[in-house]
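The values are calculated or read from the model by the stated rules, or taken from the named source; none is laboratory data. This structure is a prediction, so every number in the text was calculated from the model and none was measured. When we count neighbours, we look across all protein chains shown, and the Cβ atoms used for this are built from the backbone with ideal geometry, even at glycine.
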């Protein structure tokens with residue numbers, strides 16, 4: 001048997017792992033950071049606490065939806081576009097959260113910021129989304145404002161007050177944190 005100092009340093013798995021980390025640790029850390037940002041990019045959540053003016057929008061199915069029809073529900077108004085990768089990643093999450101919580105009074109309105117109604121309708125149909133969607137309408141811009149970036153979402157409480165603005169991608173835990181407390185409230189101040 002060879003003396004410990006004369007052994008091949010690569011025959012010891014712990015030593016091989018240390019050597020690997022020494023050589024590639026920074027690369028692995030950067031790859032992990034990129035993966036984390038891709039799957040959960042940073043988003044800024046601000047408290048808005050402002051009443052939204054009334055609005056009306058034509059949905060992809062031809063119906064008109066108004067803010068008054070959603071009074072008493074907690075609503076996620078989501079600005080998105082078909083070319084936006086973060087928008088496309090968050091839409092299945094929005095669909096899942098909507099299906100899980102709509103019976104408790106949660107509603108979604110996905111508003112495409114730049115596609116015509118026909119393209120929005122086709123996209124929603126092709127991807128099997130069931131939540132309400134529409135092309136941007138001037139009354140929605142007037143109520144919520146323009147977004148500096150997309151995706152941008154607004155959470156409206158049961159009384160029609162915009163509680164939160166999310167500039168960036170939403171994910172399920174973020175929606176739980178921001179929406180569930182509003183769903184638990186029954187409308188009392």
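Please give the number of the condition residue 182 fails out of (1) assigned to a loop (DSSP other than H, G, I, E, B); (2) surrounded by 18 or more Cβ atoms within 10 Å (Cβ to Cβ).
Residue 182 satisfies all of (1) assigned to a loop (DSSP other than H, G, I, E, B); (2) surrounded by 18 or more Cβ atoms within 10 Å (Cβ to Cβ) except (1).
For the range 56-91, how many residues are under 11 Å from the mean Cα position of the chain (by Cα) and touching a residue at least 24 places away in the same chain (Cβ under 8 Å)? I'd like the intermediate steps shown before the answer.
Pass one, the range 56-91, residues under 11 Å from the mean Cα position of the chain (by Cα): 76-80, 86-91.
After this cut, where a residue has to be touching a residue at least 24 places away in the same chain (Cβ under 8 Å) as well, the list is 76-80, 86-87, 89-91.
Final tally of qualifying residues: 10.
Just for helices (runs of 4 or more DSSP H) wholly inside the range 54-144: which have at least 1 residues that are closer than 28 Å to residue 184 by Cβ, out of contact with any helix residue (DSSP H, G or I) (no Cβ under 8 Å at 6 or more places or on another chain) and assigned by TED's automatic domain parsing to the domain that holds residue 156? Full working, then the answer.
On the way: elements: 85-101, 117-127, 138-144.
Result: 85-101, 138-144.
In this structure, is residue 51 surrounded by fewer than 20 Cβ atoms within 10 Å (Cβ to Cβ), closer than 22 Å to residue 167 by Cβ and more than 21 Å from the chain's Cα centre (by Cα)?
Working: surrounded by fewer than 20 Cβ atoms within 10 Å (Cβ to Cβ): yes; closer than 22 Å to residue 167 by Cβ: yes; more than 21 Å from the chain's Cα centre (by Cα): yes.
So residue 51 fits the description; yes.
For residue 158, are the conditions met, namely being more than 30 Å from residue 83 (Cα to Cα) and in contact with a strand residue (DSSP E or B) (Cβ under 8 Å, 6 or more places away or on another chain)? Quick ask: steps written out before the conclusion?
On the way: more than 30 Å from residue 83 (Cα to Cα): yes; in contact with a strand residue (DSSP E or B) (Cβ under 8 Å, 6 or more places away or on another chain): yes.
The answer is yes for residue 158.
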